[in-house]
1. Rounded to the nearest 0.05, what FRET efficiency is calculated for Asn274 and Thr212 with R0 set to 22 Å and r the Cβ-Cβ distance?
2. How far, in nm, would the chain grow between Thr246 and Asn83 when pulled straight, counting 0.36 nm per residue and subtracting the alpha carbon separation?
3. Subtracting the Cα-Cα distance from 0.36 nm times the residue separation, let me have the gained length for Glu236 to Lys90 in nm, one decimal.
4. Let me check against my output: what whole-number percent is the relative contact order of the chain, with C-alpha pairs under 8 Å and at least 6 apart?
5. If I stretch the segment between Glu43 and Lys163 completely, what's the gain in nm (0.36 nm per residue apart, minus their alpha carbon distance), one decimal?
6. Test of understanding: ordering Leu168, Leu201 by Cβ neighbours within 10 Å, fewest first, what list do you get?
7. To make sure I understand the rule: partners must be lysines, Cα under 17 Å from the Cα of Lys254, and not fewer than 8 residues away in the same chain. Which ones qualify?
8. What's the local net charge at Asp77, with K and R +1, D and E -1, over the other residues with C-beta under 13 Å away?
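Coordinate-derived values only; no laboratory data. Note that the structure is predicted; figures quoted are calculated from it, not measured. Here the Cβ is made from the backbone with ideal geometry for all residues, glycine too, and neighbour counts use every protein chain on show.
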Amino acid sequence: MKRPAFALVVLLLFVVPVQGYAKENVSQLLPIDDEIKLLNWKEVDEIIPRKSIFTIVDVESGKSFQVQRRAGSQHADIQPLTNKDTEVMKEIYPEWSWKRRAAIVVMDGQMIAASMNGMPHGAGALDNGFNGHFCLHFLNSTTHGSSSPDPAHNLMVLKAAGKIDEYLNKQSPSELVDSLMIAINNTDTSLLRKIVPHEQLDLQALSGIYVTNWKVMKNIHSKKNLFHNEVVAKVEIYIEESGTITTVINLPAKRDPLSSRWRVDISALLQIANQS
């Protein structure tokens, strides 16, 4: 599905000057292509070679900043270009963290779906007030020491590409539980709204837990009701100020007869969160 470039054009007209760019230079950052491309990491590796400078747009906030790729073979290791770019990134991540966020790379007249984290680590070479570098992932890129794509980064890349609804619509209840845990751990409100029944969307409670590990043990299909499943999962949950607990929970899934999309009942998770 294509997204019109007009929204991003308006976005950059308002956001880019805040970072200190002259208005006459804004046109140099605007994409020529109106499609957000879902490109494989091997392709992107050539589009953004080391030392290249490009713009990142955070999907949720709409904020943009410039970066330079410094290293990385399985994904891109990048740094904010200047102190002002670091300040914008700090607005996106008030507290530095490994949480994944959907992002769009604007480079050479095209837009590319990506996922970033917000944790300074390793070495840094630029005078930008950022202690190290952070990671930028694309379709099928992997983390350090892993041969498989990171599920959380993968989900955010699909979100940036505008393909998240298509992806979630095809998921089984047990697969949707994986997406649910990722959305909770990344405090991704827009994803949670697509997975959790609206009346259960207690963001304050969910923000107090982190699911460090989970495993679907059973997916019980109802013989009497084709629109109901029961997912049984073993979870390891870190609760702020309480520590880590390991327990088995039931996560009923109901299918909307009109949209055919499953939604996961998170009553068991909310009960744990509210008891902390």
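1. In this case the efficiency is close to 0.70.
2. 54.4 nm
3. Numbers: separation 146, 0.36 × 146 = 52.56 nm, distance 2.99 nm.
This chain segment gains 49.6 nm when fully extended.
4. Worked out over the chain, it gives 13 percent.
5. Numbers: separation 120, 0.36 × 120 = 43.20 nm, distance 1.92 nm.
Gain on stretching Glu43 to Lys163: 41.3 nm.
6. Fewest-to-most ranking of Leu168, Leu201: Leu201, Leu168.
7. Partners found: Lys170, Lys194, Lys218, Lys223, Lys224.
8. Values: positive: Arg50, Lys51, Arg69, Arg70; negative: Asp45.
Once positives and negatives cancel, what remains is +3.
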